[in-house]
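The values are calculated or read from the model by the stated rules, or taken from the named source; none is laboratory data. Values in this document were obtained by computation on a predicted structure and should not be read as measured data. Virtual Cβ from ideal backbone geometry, glycine too; neighbours counted across all protein chains shown.
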């Protein structure tokens, strides 16, 4: 039972890490990256559809993305969706091909993005700590019902704490890499 609780906590903590990585991919670092447009959805015949399902997104150079819409009549809809997104991008359309230049990041923008990254990291740490609290609560419940001994409870809590420390350290490493990317000119 204790092993099940620990493996469940480990799995859930890893999912929190994966979620953080996904969130950080959306934060622009000055280099073009196709995942930048992952959060954009377009109205495709009445359904909100992810942009990558109605167009081909590719990288032209280090600061320019290209969006090739598959259906010509969807081009203005896609362009409007990109303009309305909170990414601050301004596509240049020629026919059914859109070029999206990424403006260089100013020092102020970089610092604001670092604040966003740290906030996301703190949210991930809170999620990991909540998972630790849940796992420890499950262990205490088992001990209260006399299914495990007090020694097993303490051993289990120690193992959960080690898992928590490991995942928090990984979060810190991910944040350090992202901050370094952001400060690179």
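From the list 51, 20, 65, 37, which one is buried (at least 19 other Cβ atoms within 10 Å of the Cβ) and closer than 30 Å to residue 166 by Cα?
The conditions single out 20.
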Taking region 157-185 and keeping residues in a helix (DSSP H, G or I), touching a residue at least 12 places away in the same chain (Cβ under 8 Å) and closer than 19 Å to residue 115 by Cβ leaves 171, 172, 174, 175, 178, 179, 181, 182, 183
Condition set in contact with a strand residue (DSSP E or B) (Cβ under 6 Å, 6 or more places away or on another chain) and surrounded by 13 or more Cβ atoms within 10 Å (Cβ to Cβ), scope region 89-119, selection modelled with the lowest pLDDT: answer is 96
Of (1) farther than 27 Å from residue 21 by Cα; (2) at pLDDT below 90, residue 140 fails just (2)
Subset of region 55-80, residues more than 25 Å from residue 103 (Cβ to Cβ) and either in a loop (DSSP other than H, G, I, E, B) or not assigned by TED's automatic domain parsing to the domain that holds residue 91 (or both), comes to 70, 71
Filter region 143-154 for residues that are in contact (Cβ under 8 Å) with a residue 24 or more places away in the chain and surrounded by fewer than 18 Cβ atoms within 10 Å (Cβ to Cβ); the one that is farthest from the chain's Cα centre (by Cα) is 147
If you go through 86, 10, the only one that is within 19 Å of the chain's Cα centre (by Cα), assigned to a helix (DSSP H, G or I) and either modelled with pLDDT of 85 or more or under 30 Å from residue 123 (Cα atoms) (or both) is 10
